[in-house]
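Student: I'd like to ask you about the structure that follows.
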Amino acid sequence: MDDVVIKVDSLWKRYGLPLPGFVRKGQRWLQRNLSSDHRQSTTRSEPAGDNHFALKDVSFEVKRGETLGIIGCNGAGKSTLLKILAGVTPPTSGKVEILGRVFPMIELNAGIHPELTGRENARLLGAIMGLPRDEIEAKVSEIEEFCELQGWFDKPVRMYSSGMLARLGFGVAVEVESDILLVDEVLAVGDISFQRKCLRRIHKYAANGGTVLLVSHWMDMVRSVCKEGIYLDKGGIVTHADIQSVIIDYVNAIHSAEKMLGTTQRATDEGAEDTEIRIKKVEVFAGDSEQPADEVSCGEDVTFRIHYRASRRIENPSFAVSFWTADGIRLSTVNSYFAGFSIDAVDGVGYCDCRLPRLPLLPGVYFIRVGIYDALTTWYYYRIGWEDPPIELVVRGSMLLSENVALTPDHGIVHLESGWSLS
Amino acid sequence: MKALSKGSYINHGRDYRWLQFATLLWALTYRNVVSRYRKSILGPAWAIIHPLFYMVIFTFLRGVTNFSDEGIPYPIFTFAALVPWTFFANGVMQSAPSVLLNANVIKKIAAPREVFPLSAVLTSLFDFAIAGVVLAGLMIWYHIPVSSALIWLPVLMLVTLALAFAIGMFLASFGTYKRDLVMAAPFLIQFWLFASPIMYPLSQVPEKWHLLYVMNPVVGLIEGYRNVLLKASAPPMKPFLWSVVMTLVILALAWPFFRWMSQYFADVV
């Protein structure tokens, strides 16, 4: 393992004490015989959680300087994995080898006492995070400065807001030197400027050759920090690849799970004839192709075909398509009426094409929501993607700016046309 | 499912040094001490209220029963035993839930888990120091002469600390999984108080019970404190040696047990 700093080999993890068989039997016997409700307790078998593995046969390697994002649904085993890497809990089976000092950026405020002042708690946190005493004393003033708590630093932390507490914990954490950083969703609290400060620190850490493992549900953050990714589901690795493909797989999986829930809903209101106008489906065409596309490329012309069926004549409708990131940020909305395309009326069955020249979305997964509105009141007749799952738009490939300069997710979400001059 | 081989975790880069351990131990003890007294009116005076209270009760009880005082004024006779006893008792009672109380720290860092019961024992050492000042004042009041036997004091304290740490580790390692021992600790200590020569001297225990009575490792220690502080003599050799042996035995059993159990603390707290 030359520059491999984390090596995980067929790791299994089951929580709890690995008791010898006879102790388990004795426990069950006790439970049966001491329980007041005899009948109920004999029929009850071992708790279902007993044989539950939080991690199943997980293997991967991380090289020095790599930034690895770990994503997945709640309960997929992400935090368990970090805990094992931090050495807090032992693996049930498998081998974990680590080369370097690990710093878990997890629960940064663990151990603080509300009656102690910020300064006292900073010393305590420093000790908990593994700083020796002389280093703590040398760094207290730096920590004070970083936290930006001013007079509050010498007040008991029970008076702090949650954001101030977060600043205290993070302020101490940045002073700890380490080779491997394990980050677990710590930036959820704190105001925006503080979040930015934290992100910059992590970026800087990664840029200086530090190895980062990041667990987060915030896709934009994972994307911006990590190059590689792991998608965990029910304790196993589903995908281990570059972060973009991993995010696409993850979002796809969630989306298809939601879709399965959604189909029944759609089927039921299919029969409801009281809607005056409905969207039957939305198709996506790439370029001049006649075939609907599953994926589109960044920079190509894209057409959204909105099929409708109206049960009566609808005057002055407008069609709208809105674009969203996987994190729920609305990128933009295009509307036929705002675009200067006025429709007198629609009736019966038909479709409306919305054409976006040179799609300015960088590779990634996006959601689109489509609606039919009354152009004047903007009240909607029908819309999809709001009460039901949105339509997924997968953008792959990189737009070539010039011969070998390609835009990647690192560059952001949208592509802006730009002109440059020098004088 | 195939049988799984035992898991292993090796960190080539981790060098958890003594200095870090000492810093953490100090920081946790500081937190325990300061947080306990900061919001109270009497503050550290609470450290002496507990043994003083018992002293008053025992002195009163002595009016109705007949405890021997071996020629020493009874209040100081019992107080000299109550102060080290309180040190021991608080050490045990605070280390029993120490792992549970530090659950969020345990889930986060891989520091040796011994730091939690040990800091609990050190916290009670702080109280011992305060009560010790009052004890010294009382000794002056009763004109107890200071002797060279006092050099035994650090030895006695070290053994007391080790015994409290060992029993605390045992209670903590078991109590973290099933709460029974954590809940039983105060009751156990209460019982132990009467089974130790605190309100009465060892000499008053019937001879035929001595062998059994001295099994209690606290007996040699308490009699030791009394000898050293009040009688200007060394601890009674046989009970004291027995205390040392028992302490070492309990430590030798409790520590490996704690080591093994502590690996899984993060799983269950």
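No value in this document is a laboratory result; all are computed from the given coordinates. Since the structure is predicted, the reported quantities are computational estimates derived from the model, not experimental observations. As a convention, Cβ positions derive from the backbone with ideal geometry for all residues, glycine included, and neighbour counts pool all protein chains shown.
Student: At 222 nm, what value in deg cm²/dmol follows for chain A if DSSP H runs of at least 4 each add -39500 (n - 2.57) and the sum is divided by all its residues, to the nearest 500?
Tutor: That comes out to -9000 deg cm²/dmol.
Student: Here is a follow-up. In whole angstrom, note down how far apart the Cα centers of region A:63-104 and region A:148-206 are.
Tutor: Region A:63-104 and region A:148-206 have Cα centres spaced 22 Å from each other.
Student: Right, something else. Count charges around A:Val174 for me, please; just the other residues with Cβ under 12 Å from its Cβ, Lys/Arg as +1, Asp/Glu as -1.
Tutor: +2
Student: Taking θ = phi - 60°, what integer Hz values does the Karplus form 6.51 cos²θ - 1.76 cosθ + 1.60 yield along region A:337-349, in sequence order, with x for Gly and Pro?
Tutor: Karplus values, whole Hz, x for Gly and Pro: 5, 5, 7, x, 9, 9, 10, 5, 6, 10, 7, x, 10.
Student: Normalising by the residue count of chain B, find the relative contact order in percent from Cα pairs under 8 Å and 6+ residues apart.
Tutor: With pairs under 8 Å counted, the relative contact order is 24 percent.
Student: Another question, if that's okay. Compute the signed sum of charges (Lys and Arg +1, Asp and Glu -1) over the other residues within less than 11 Å, Cβ to Cβ, of A:Ala241.
Tutor: On the way: positive: A:Lys227; negative: A:Glu228, A:Asp242, A:Asp249.
Residues close to A:Ala241 contribute a combined charge of -2.
Student: Taking 1 over the mean of 1/r across every pair of different Cα atoms in the protein assembly as shown, what Kirkwood radius in Å do you get?
Tutor: After inverting the pairwise mean of 1/r, the radius is 30.7 Å.
Student: Sum up the charges of everything whose Cβ sits under 14 Å from the Cβ of A:Arg123, counting Lys and Arg as +1 and Asp and Glu as -1, but leave A:Arg123 out.
Tutor: The answer is -4.
Student: Mind putting a number on the dipole of the protein assembly as shown about its Cα centre? Charges go on the C-beta only, +1 for Lys and Arg and -1 for Asp and Glu, and I need it in Debye to the nearest 20.
Tutor: My answer is approximately 2940 debye.
Student: Anything over 18 Å Cα to Cα? Flag those among A:Lys83/A:Lys234; B:Lys6/B:Lys108; A:Lys13/B:Lys6; A:Lys7/A:Lys204, in the order listed.
Tutor: Beyond 18 Å: B:Lys6/B:Lys108; A:Lys7/A:Lys204.
Student: If each residue's Cβ is checked for other Cβ atoms within 10 Å, how do A:Cys226, A:Cys147, A:Cys352 rank with the fewest at the top?
Tutor: By the 10 Å Cβ count, ascending: A:Cys352, A:Cys147, A:Cys226.
Student: If you don't mind, there's one more thing I want to ask. If amide hydrogens are placed 1.01 Å from N in the peptide plane, which non-local residues have theirs closer than 5 Å to the one on A:Asp184?
Tutor: Those qualifying (amide H under 5 Å, at least 5 residues apart or on another chain) are A:Met105, A:Val215.
Student: Now, a different point. Taking the Cα centre of region A:272-411 as origin and charging only Cβ (+1 Lys, Arg; -1 Asp, Glu), how large is the dipole, in debye to the nearest 20?
Tutor: The calculation lands at about 220 debye.
Student: For B:Ala22 and A:Lys281, what does the FRET efficiency come to when R0 = 51 Å and r is the distance between their Cβ atoms, rounded to the nearest 0.05?
Tutor: E between B:Ala22 and A:Lys281, to the nearest 0.05, is 0.15.
Student: Name the helices (complete DSSP H segments) of chain B with a Cα length along the long axis of 27 Å or more and a Kyte-Doolittle mean of at least 0.0, or state none.
Tutor: TM-like helix candidates: B:18-38, B:46-64, B:74-95, B:115-141, B:153-175, B:237-262.
Student: Given labels modelled 7 Å from the Cα in the Cβ direction, how far is it in nm from A:Asp344 to A:Arg312?
Tutor: Result for the modelled spin labels: 2.0 nm.
Student: Now a separate question. Can you work out the Karplus-derived ³J(HN,Hα) for every residue in region A:86-101? Use 6.51 cos²θ - 1.76 cosθ + 1.60 with θ = phi - 60°, whole Hz, and x for glycine or proline.
Tutor: Here the 3J(HN,Hα) series is 6, x, 7, 9, x, x, 6, 8, x, 10, 10, 10, 10, 10, x, 7 Hz.
Student: Collect residues whose amide H, placed 1.01 Å from N in the peptide plane, falls under 5 Å from the amide H of A:Leu331; neighbours closer than 5 in sequence don't count.
Tutor: Placed amide hydrogens put A:Phe323, A:Trp324, A:Thr325 under 5 Å from A:Leu331.
Student: Going highest first, how would you order B:77-88, B:147-158, A:240-251 by mean Cβ packing within 10 Å?
Tutor: Those peptides, ordered most packed to least, come out B:77-88, A:240-251, B:147-158.
Student: Under a plain spin-label model, where a point goes 7 Å from the Cα along Cα-to-Cβ, how far apart in nm are B:Ile140 and B:Ala45?
Tutor: Result for the modelled spin labels: 1.9 nm.
Student: Now a separate question. Determine the percent antiparallel among the DSSP beta bridges restricted to the protein assembly as shown, to the nearest 5.
Tutor: 75 percent
Student: Can you tell me which lysines have their Cα less than 30 Å from the Cα of B:Lys208? Leave out same-chain residues fewer than eight positions away.
Tutor: B:Lys231, B:Lys238
Student: Suppose only helical runs count, i.e. DSSP H with n ≥ 4. What mean residue ellipticity at 222 nm does that imply for chain B under -39500 (n - 2.57) per run, divided by all residues and rounded to the nearest 500 deg cm²/dmol?
Tutor: Theoretical 222 nm ellipticity from helices: -22500 deg cm²/dmol.
Student: Still on this structure, I have one more. Which cross-chain or sequence-distant (5 or more) residues have an amide H under 5 Å from the amide H of A:Thr239, H modelled 1.01 Å from N in plane?
Tutor: A:Tyr231
Student: Out of A:Tyr351, B:Ala81, B:Ile41, whose Cα points farthest toward the positive end of the dipole of the protein assembly as shown (charges: +1 Lys, Arg; -1 Asp, Glu; placed on Cβ)?
Tutor: B:Ala81
Student: As an exercise, use a Förster radius of 56 Å and the Cβ-Cβ distance of A:Asp374 and A:Ser59 to find the FRET efficiency, rounded to the nearest 0.05.
Tutor: About 0.50, to the nearest 0.05.
Student: Right, next: Points 7 angstrom from Cα along the Cβ direction at A:Ser141 and A:Arg355: gap in nanometres?
Tutor: Spacing of the two 7 Å Cα→Cβ label points: 6.8 nm.
Student: About the Cα centre, and with charges only on the beta carbon of Lys, Arg (+1) and Asp, Glu (-1), how big is the dipole of region B:20-268? Nearest 20 debye, please. It would help to have the intermediate numbers written out before the result.
Tutor: On the way: 15 positive and 8 negative charges, 124 e Å.
Computed about the Cα centre, the dipole is about 600 debye.
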